[in-house]
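Where a number appears in this text, it was derived from the coordinates with a stated rule and is not lab data. Keep in mind that what you see is a predicted model, and the values were worked out from it rather than measured. Ideal geometry is used to build each Cβ from the backbone, glycine not excepted, and the neighbour counts take in all protein chains shown.
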């Protein structure tokens, strides 16, 4: 189960944060600070997993953004990376060659897409087409 | 941009659209917070607006600002309002903001219940979906209780989209409201048969998370889950199922065998690495060692380890930790070893740490040296080298240096490490250095020379500072003082240079007080040892002490000054007179043995120092003395401490070392005269610049030694523990070969068989005899079973019938009725069949021979007379003393502690000597006896040459309870009965001496 998902820019700015377990805002900010400094300082030649407190952080860098998923000790790390990649691909298809600016100006859209992919920290839809279909059906309602 | 409704309408309704705000923030780089504060003031106004679109936009902007770290707790009420609007377009930002910022603690949460109810029933699946999404984030027990029925109906909704979301959301709800799980379980289980793949995956997912909490509850799902596993092609689903089976297979013994086929299938066919890896992990965690599938999985894991993808390499290494732990077979370990060593060099700290942990587990004595050399090389290259050093030290110290074969070599490594001045492991290095020398007598000659070399800095350094870390200086000083006798002969030069280094080098006085004290005392010890080992240097050493110590006496550290004064006084007292100095040897004669670091802490605090540790027991009148023969090693000693052979322990440990000392010139460390002369020259002219690095010198020596043949080391792996201490379990301690062993007590079945043969006569009268067999008491039920039989003894014309045994009222017999336990109903023929009687064992408190008074009743009728004559006889059922003991598992140490601490409970002692014909296997015989008499037995170590054997048997008496039976009273709490058996091999046969100690007869 994913505990939280973070999108952090290379400058350490939060672009998206989503906790799936209840967590007070104050702790969220502290965690973001700690996790982003850990990850931004890792050299690109090292592996994409690291242990953090009682959890594992699986992250991947896409262009200028780090996508970070915090999973539990007994979760499958490769699956977490696949989930992150799945999310990135959905974003990419929706925005069409997504860039950081898209996510800044349409941060709510990124959340809506994430909500179609994950719920309570679990993957709910593994088909990109289905995700995009659901999103595009909701768009005209707005 | 695809669409931007907010942006377009912003000019009309909103003060500022989201896009405008984000642009504004980006434009105000440098003073963003000022700009954002202005925005927040605007938002505060907008939130109060009646226009729902304005409100919704304001909430969305706030949600953006929370990401930048601005609090939006003040706006929770507005968020709920926005969630409650009718249009999806305005509603959605409300749900978004609440799932970002609300938690289960948010107090407006209860206001959302009706909103959820309304939206769950909405026509649009997206409204319901958004609501479920939000619910999974902010659910609390109260919300769950009110909303459960709506969720249950969603669970059987016709739309897979909603079923899927509900199933996943339910797990969060169960966490908050556990009783909900019971209500939902049947419906949730039905979802395992859902035709939609997404719902199916979601359901398995939810069950996986539930099984992580308590797997046992979900064993009933195994058939369904297995069916899905065999039939699915979905990777996500497969991984989740493999995870569930990892949790379930330890609980269901039949499961691993069933899983072999699907797992093999997955391993061989899957293209997805995540699935493959999960399958490997599942095999490693749930399959038994040695099966074909394990071999297959390890082979696959090997390819992961050799993969070019560093993520896979890391995961493989990590999993190998489990493999090495679980499967002891050393297949392909050589390869692994190389791989691990290369991984250690990786710049990735995570990988490196895992590799070091793994290395720790896979080294064995054959590759330990190589591994250490590699680690040492890396540590020289790396800037952060403490990790490597730490691993070396940890590996070596494991199981009391079990991996180290060549101790001289390892000491050299320690010396090399100690050159690193600021390692955080400096203290550990010094500790190991000393510890090894104490434990391995044979390495001492090499160690002292190495210590001298380390202290004796090459003069080329010029700075006159000692180039090893401070704790190591102290360690070397101590070694020099303690083992000066091991310096190679003739050792005059070494003695002199040793004392000189300890006292004269100026840098010593710059070190901390404790180290200075060590150096002073080491120099004094050298001086005291001089007459024995290097008599010609007495005068020089004396002069050195007298000239150098005064400067230490003036030290600002009080303890340094005090120690220096003491040493100076000793030197002044004995002068340079070898004769009188000889008499001072006793000051430092006692050899030190390895002591557990926490030995002192184990001594109970309540110890009164005036009171002797061991109370010498005086012989009691009941003590039956056995011939006290000074040549007889097994004659009874005055205390159990001696009985148990503790006092002789140090002697035994010292034995090999004294032989090593006796013939130092034949030692393999002895290099011959030429080197020695060179060393002496160096010592005399320490300022010659071409002095070699002492470590390099020692390395050469090591080579020379190795060429001379492999050294044999004996390691004292036992610690001396504090007397009277309550030992704490020490995981690191390995039982050494000579330690005690638990006596093999035969299996229960064998004992029961034996017991069944132990029948005793308890009555033999005019008409009949009664036999009894006493079984082992059932400690849990507190019952004891008796088996009874009668035999007819009288003439055939008499008719004996209706035999019954009436027990005293205090002894409850289960099967007895008002007339007692019937042994025979009707007339007694030759022999009666076996009759059981279960006695309540609680009243039997006293561990001694006990006669239970019973009445035997029967009818006798002669052929002539009509009326039967009732007979009633008192008989006694005799219980042996050991009947109600319980085996007390204790080690030799705990017994000795018990003996020394609870001497008041062992006031009584009896001894007996028995002779036997020679038996083949005494220990199994004693084991059988111990089993029958309910003792825990251990076999004590004796010297390997003698064939004698010693055993210790311990039994606990029944816990006290109210005494109801005549002649029984409660034994003191914690009382034990301890027997010591010594079997001596005599030409005539075997002599067994048994001593019993108990609290009273």
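General remarks:
- Relative to the current alpha-carbon distance between residue B:322 and residue B:23, full extension at 0.36 nm per residue lengthens the span by 102.4 nm.
- Residues of the range B:70-87 with amide N under 16 Å of the 7 Å Cα→Cβ point at residue B:117: B:84
- Spin-label model, residue B:103 to residue B:891: label points 7 Å out along the Cα-to-beta-carbon direction sit 4.6 nm apart.
- Note on residue A:99 and residue B:306: with the Förster distance fixed at 30 Å, the Cβ-Cβ geometry gives a FRET efficiency of about 0.20.
- Within 10 Å of the Cβ of each residue in A:15-28, the mean number of Cβ atoms contributed by other protein chains is 4.
- Averaged over the residues of peptide B:17-25, the number of Cβ atoms from other protein chains lying within 10 Å of each residue's Cβ is 2.
- Model label sites at residue B:547 and residue B:361, defined 7 Å from Cα along the beta-carbon direction, differ in position by 6.1 nm.
- Taking each residue as 0.36 nm, the span from residue B:268 to residue B:863 lengthens on full extension beyond its C-alpha to C-alpha distance by 205.3 nm.
- A Förster radius of 41 Å combined with the Cβ-Cβ distance from residue B:33 to residue B:110 puts the calculated FRET efficiency at roughly 0.75.
- Separation between Cα centres of the range B:52-92 and the range B:234-250, rounded to whole Å: 40 Å
- Mean per-residue shielding of peptide B:94-102 is 3, counting Cβ atoms of other chains within 10 Å of each Cβ.
- FRET efficiency estimate (nearest 0.05) - Cβ-Cβ, residue B:712 to residue B:779, R0 60 angstrom: 0.75
- Candidates A:99, A:47, A:90: whichever shows maximal mean-square fluctuation once chain A is modelled as a Gaussian network with Cα springs under 10 Å: A:47
- Available extension along the chain between residue B:217 and residue B:257 is 12.3 nm, counting 0.36 nm per residue and deducting the alpha carbon span.
- A simple spin-label model places the labels of residue B:809 and residue B:398 6.8 nm from each other, with each point 7 Å out along Cα-to-Cβ.
- Cut-off 17 Å (backbone N to label point 7 Å along Cα→Cβ of residue A:43), residues of the range B:388-432: B:388
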